[in-house]
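Chemist: I have a structure I would like to understand better, so I am pasting it below and will then ask my questions one at a time.
The values are calculated or read from the model by the stated rules, or taken from the named source; none is laboratory data. Predicted, not measured: the structure shown is a model, and the values here were computed from it. Every residue, glycine among them, receives a Cβ derived from its backbone with ideal geometry; neighbour counts consider all protein chains shown. Accessible surface is based on the protein model in full, side chains and every heavy atom, while ligands, DNA and RNA are left aside. Shrake-Rupley method; radii C 1.70, N 1.55, O 1.52, S 1.80 Å.
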Amino acid sequence: MQGTMMNYPLTLTSILERAGHLFPKQEIITRLPDKSLHRYTYADFYRRARALAEALQKAGLKKGDRVATLSWNTYAHLEAYFGIPAAGGVLHTLNLRLHPNDVAYIVQHAEDRFLIVDDVLLPLLEKCRADIKPERVLVVPLTGQPIPPGMGLESYEDFLASATGDFDYPALSEDDPSGMCYTSGTTGKPKGVVYTHRSTVLHSLGSALPDVLNLSMKDVLLPVVPMFHVMAWGLPFTGVMMGSKMVMPGPHLDAASLLDLYESEKVTKTAGVPTIWMGVLQALQKEPTRWKLQPMEMVVGGSAAPETLIRAYDQFGLKVLHAWGMTETSPLGTTSRLKTNLQGGSADEQYAYRATQGIPTPLVEVRAVGESGPVPWDGVSMGELEVRGPWVASGYYRLEAENDKWSPDGWFRTGDVATINPEGYVKITDRTKDLIKSGGEWISSLDLENALMGHPAVKEAAVIAIPHPKWAERPLAAVVLKDGAQATAEELKKYLEPKFAKWWLPDAVVFISEIPRTSTGKFLKAQLRDQYKSWQWESA
Ligand code: ADP
């Protein structure tokens, strides 16, 4: 017997068409470089995204050709998110925080044919221009300033104006590539992941679910997470699929600019990395009555959210939702909402659950694998987190050397170390490369960091492994104190004592002015390890 259902392809053009037809009056607001607000509607967005698709086709774009973007979160970037795949092209977002040499490497590796760039980012483009040769460079005039002549640049607006509106989408299969993204290189050279129409549509559906990000047409969505990094966690696709009002912060990611937008646009859903939320929290704590905010859910991911952050926001009536993911997982893998049977637990128990990375989203499977196979879901046994699902990568773009990241039975090895508890909550304890192995046992640097960040004097803490003559490795904590606060190494060790086994406690605590970070705000532990590699334990 055969099924009797249509074999309807899952493509981004369905999402674009739905948005254009059902939500023409819905708004999309962008904060421009001069801080003024650009406003238009889904009707404008729909027309312009289609115009981009048509103009790209007329410019000779062939199916599978890469179109790079070097852009902030703006209306034009949103047009590129849909217009490029709708033309059969592959949206390739470039991380503008990378070193120009890395940007050039990525453009060459992906063989980008066209490039769309914000005018305010032209200085960055200039730095790698000698090494890259896109056929056409389209400049989005965010400032209204004229485009510099004689550099082979053309106006994005003129490019769109060349479209007539008489355009049909190319025939697309759901397995056609629609976008690509390189990992930020926290642990090595950037690696490219190619998303398909199908993986992106399924990821959008999965993300929108009530127990995942819970996104609907009633929401006002402000993605702080950049569209140049892991597709802003897919939120541009998910938001447009649902018909949410979209608010784009442009280049202004400071706390006051974000809070102003949250207030004026009545934002209900936002997403970003812990560093952003730490800054916003400080602003709120400093001026608790300045902003009148809607009840808002703040998705946090990209690195571990300390429990103290979740607790602190609750005091302002703002809900932090912890999520975990990677470039290779589109990125959403787990989200930490409380299951109904856990809602009767004590406040401390509930916070402990909310601080984990959460349970896998529907269609994503997880397991933690130790030396002799998958470890039990007991909340204690640690293993490398492995995942599989329809929006998980099955390989890297032109990089066979990394194929050992996939197990023979088809799971992706994330490089994160985790425990999974009997309720299915995943807790990331480390990255394999950041693990501290003392006397043959693993110590979780993330647990120690989160505990340290619960101390009132501590702004940030990174715990790293330092070679040790007896134990192979021992933990060293690098701590940044809050402005004007004081604490001694002894005090901090004492503070940790009741929370951990004795052998977990850092043998040394050093005070530094800031923790080195990657382009996407993650702690750059390799640099710290390098800095302290010849640490003399006697002096600890
Ligand atoms: P890169 O691998 O270059 O850092 P990604 O942005 O893809 O680029 O980062 C994915 C990694 O970020 C994960 O493997 C994990 O180590 C870390 N990460 C993401 N979300 C969380 C989280 N909620 N808690 C802890 N770590 C996280």
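Chemist: I'd like the full set of residues that are open to solvent by less than 50 Å² (accessible area, probe 1.4 Å) and either out of contact with any Phe, Trp or Tyr (no Cβ under 8 Å at 6 or more places or on another chain) or away from the ligand (no atom under 16 Å from the Cβ) (or both), limited to region 374-396.
Modeler: Of everything in region 374-396, those that are open to solvent by less than 50 Å² (accessible area, probe 1.4 Å) and either out of contact with any Phe, Trp or Tyr (no Cβ under 8 Å at 6 or more places or on another chain) or away from the ligand (no atom under 16 Å from the Cβ) (or both) turn out to be 375, 379, 381, 383, 384, 385, 389, 390, 396.
Chemist: So, one more: Is there a residue in region 408-419 that is away from the ligand (no atom under 15 Å from the Cβ), open to solvent by less than 40 Å² (accessible area, probe 1.4 Å) and of a type in the set (S, T, N, Q)?
Modeler: no
Chemist: Do any strands (runs of 3 or more DSSP E) lying entirely in region 424-540 carry at least 2 residues that are open to solvent by 50 Å² or more (accessible area, probe 1.4 Å), and which ones are they?
Modeler: 426-431, 441-443, 458-468, 472-481
Chemist: Take residue 415 and tell me if it is touching a residue at least 40 places away in the same chain (Cβ under 8 Å), small (Gly, Ala, Ser) and touching a strand residue (DSSP E or B) at 6+ places or on another chain (Cβ under 7 Å).
Modeler: yes
Chemist: What about residue 325, is it near the ligand (Cβ under 10 Å from one of its atoms), open to solvent by 20 Å² or more (accessible area, probe 1.4 Å) and either more than 19 Å from residue 234 (Cβ to Cβ) or out of contact with any Lys or Arg (no Cβ under 7 Å at 6 or more places or on another chain) (or both)?
Modeler: Against the criterion (near the ligand (Cβ under 10 Å from one of its atoms), open to solvent by 20 Å² or more (accessible area, probe 1.4 Å) and either more than 19 Å from residue 234 (Cβ to Cβ) or out of contact with any Lys or Arg (no Cβ under 7 Å at 6 or more places or on another chain) (or both)), residue 325 qualifies.
Chemist: Here are 349, 402: which of them is touching a residue at least 60 places away in the same chain (Cβ under 8 Å) and surrounded by fewer than 15 Cβ atoms within 10 Å (Cβ to Cβ)?
Modeler: Selected residue: 402, the only one of 349, 402 that is touching a residue at least 60 places away in the same chain (Cβ under 8 Å) and surrounded by fewer than 15 Cβ atoms within 10 Å (Cβ to Cβ).
Chemist: Please verify whether residue 293 is on the phi < 0 side of the Ramachandran plot and in a helix (DSSP H, G or I), treating the condition exactly as stated.
Modeler: No: the conditions fail for residue 293.
Chemist: Being over 23 Å from residue 60 (Cβ atoms) and hydrophobic (A, V, I, L, M, F, W, C) is the filter here; which residues of region 162-220 pass it?
Modeler: 181, 193, 201, 202, 205, 208, 209, 212, 213, 215, 217, 220 - these are the residues of region 162-220 that are over 23 Å from residue 60 (Cβ atoms) and hydrophobic (A, V, I, L, M, F, W, C).
Residue-by-condition table, conditions (1) open to solvent by 10 Å² or more (accessible area, probe 1.4 Å); (2) more than 30 Å from residue 144 (Cα to Cα); (3) β-branched (Val, Ile, Thr); (4) within 16 Å of the ligand (Cβ to nearest atom):
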position	(1), (2), (3), (4)
170	yes, yes, no, no
173	yes, yes, no, no
177	yes, yes, no, no
189	yes, yes, no, yes
193	no, yes, yes, yes
206	no, yes, no, no
214	yes, yes, no, no
221	no, no, no, no
231	no, no, no, yes
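Chemist: Would a scan of region 335-343 turn up a residue that is near the ligand (Cβ under 10 Å from one of its atoms), in contact (Cβ under 8 Å) with a residue 24 or more places away in the chain and under 20 Å from residue 391 (Cα atoms)?
Modeler: Within region 335-343, one or more residues are near the ligand (Cβ under 10 Å from one of its atoms), in contact (Cβ under 8 Å) with a residue 24 or more places away in the chain and under 20 Å from residue 391 (Cα atoms).
Chemist: Could you list, ordered by first residue, the pairs with Cβ atoms under 7 Å in which the first is in region 286-315 and of a type in the set (Phe, Trp, Tyr) and the second is open to solvent by less than 80 Å² (accessible area, probe 1.4 Å) and away from the ligand (no atom under 16 Å from the Cβ), at least 6 apart or interchain?
Modeler: Here the result reads 291/259; 291/262; 291/263; 313/281, each pair linking region 286-315 to a residue that is open to solvent by less than 80 Å² (accessible area, probe 1.4 Å) and away from the ligand (no atom under 16 Å from the Cβ).
Chemist: Turning to a different aspect of this structure: Being surrounded by fewer than 19 Cβ atoms within 10 Å (Cβ to Cβ) and among the hydrophobic types (A, V, I, L, M, F, W, C) is the filter; apply it to region 297-320 and report the residue that is farthest from the ligand (Cβ to nearest atom).
Modeler: 316
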